[in-house]
Amino acid sequence: MDIIQKERHGVLFYSCTHPAWAGVAHGFSTRVGGVSPAPWDSLNLGTNRGDEPANVQDNFRRFCAAIGADADTLVKNHQVHGNRVRCVTAENRTPDLALPGTFDGDGLVTDQPGVCLTVFSADCIPVLLYDPVRRCIAAAHAGWRGTAAGIAAKAVEAMVTHYGCDPQNILAAIGPGISPCCFETHQDVPDGLRSGLGDQAESFIRPAQLEGKFHVDLKGA
């Protein structure tokens, strides 16, 4: 499955090409297609970066319209680099698009039509999950701590436990995030991955040129 760049209404975003994903509105945003001036230009979706709230609200509406979602049904969380997954409904939708999420957690799951799950990432990896049979979706924020703690697996477990999904039907899309060439870490990151993933972590860790530094393939992990 490929993830390709698309443009709609001047908004650039990435989405999946697999035919099954056509059944659910989804996308990974870029910085192109919004109204924010420099230094946030232009599609800034961050609520605590100093941008005008009206710009953030407009940007969310533009992005949601581009991917085919309703911005008024958007659900946010307060990401804490853990593995807590929350089941949400329309009652949890964000009252103001310019406000940050208020409940702690790095994963969101729902089977309610029209609810738009939102996770934020920079270096970290956004993971979208979709069961086209059960019509259930999840979104997870996977930094190295969340990856070591199994956040993506926890999201799948929530889909199975609370919504009756069959794991074999669940599709996963790994979005843009930091790559091994740019992810140079200290010892704590490989140690954390080994602690959480055991021997499976080794294939995603390699020494850097500088002693005591490492490159980590977070997407692979």
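Would you kindly compute the Cα radius of gyration of the stretch 1-82 and its largest Cα-Cα separation (Dmax), both in Å?
For the stretch 1-82, the Cα radius of gyration and maximum Cα-Cα distance read 13.4, 39 Å.
Using all Cα-Cα distances in the stretch 40-82, what percent lands in each 5 angstrom bin from 0 up to the longest?
Percent of Cα pairs in each bin: 5, 22, 27, 22, 18, 7, 0.
Residue-wise, which Karplus ³J(HN,Hα) couplings in Hz belong to the stretch 189-195, taking 6.51 cos²θ - 1.76 cosθ + 1.60, θ = phi - 60°, and x for glycine or proline?
Karplus-based 3J(HN,Hα) across the stretch 189-195 equals 6, x, 4, x, 5, 5, 4 Hz.
Expressed as a whole number of Å, what is the distance separating the alpha-carbon centroids of the stretch 35-77 and the stretch 120-165?
23
Once amide H atoms are placed 1.01 Å from N in the peptide plane, what residues at a sequence separation of 5 or more from Gly34, or on another chain, have their amide H within under 5 Å of its amide H?
Excluding prolines and chain starts, which carry no amide H, the hits are Ser42, Leu43.
Once phi is turned into θ = phi - 60°, what whole-Hz ³J(HN,Hα) does the Karplus curve with 6.51, -1.76 and 1.60 give for every residue of the stretch 51-57, x standing for Gly and Pro?
6, 5, x, 5, 5, 4, 4
Tell me, what % of the accessible area of the stretch 81-221 is carbon and sulfur with a 1.4 angstrom probe? List each step's numbers first, then the result.
Details: 3550 of 7080 Å².
Answer for the stretch 81-221 is 50 percent, counting heavy atoms of protein chains only.
Does the stretch 169-215 come out rounded, prolate or oblate by the C-alpha gyration tensor, with a ≥ b ≥ c the root eigenvalues, rounded set by a/c under 1.5 and, if not, prolate when a/b is larger than b/c and oblate if not?
Details: a/c = 2.85, a/b = 1.52, b/c = 1.88.
Oblate.
Any chance you could count the Lys pairs in the chain whose alpha carbons are under 23 Å apart, treating pairs 8 or more apart or on different chains as valid?
4
Express the accessible area of the chain per residue in Å², computed with a 1.4 Å probe while the remaining protein chains stay in the model. Write out the running numbers ahead of the final one.
Values: 11150 Å² over 221 residues.
Per-residue value: 50 Å².
Kindly provide the pair-distance distribution of the chain built from C-alpha pairs, with 10 Å bins from 0 and whole-percent values in order of increasing distance.
8, 32, 36, 20, 4, 0
Would you please give the FRET efficiency between Thr17 and Ala54, computed as 1/(1 + (r/R0)^6) with r the Cβ-Cβ distance and R0 = 35 Å, to the nearest 0.05?
Details: r = 35 Å, r/R0 = 0.99.
Once the sixth-power term is evaluated, E becomes 0.50.
Spin-label point model (7 Å from Cα, Cβ direction): what's the Gln112 to Arg8 distance in nm?
In this crude label model, Gln112 to Arg8 measures out at 2.2 nm.
The values are calculated or read from the model by the stated rules, or taken from the named source; none is laboratory data. Predicted, not measured: the structure shown is a model, and the values here were computed from it. Glycine also receives a Cβ, built like all others from the backbone with ideal geometry; neighbour counts cover every protein chain displayed. Accessible surface is based on the protein model in full, side chains and every heavy atom, while ligands, DNA and RNA are left aside. Shrake-Rupley method; radii C 1.70, N 1.55, O 1.52, S 1.80 Å.
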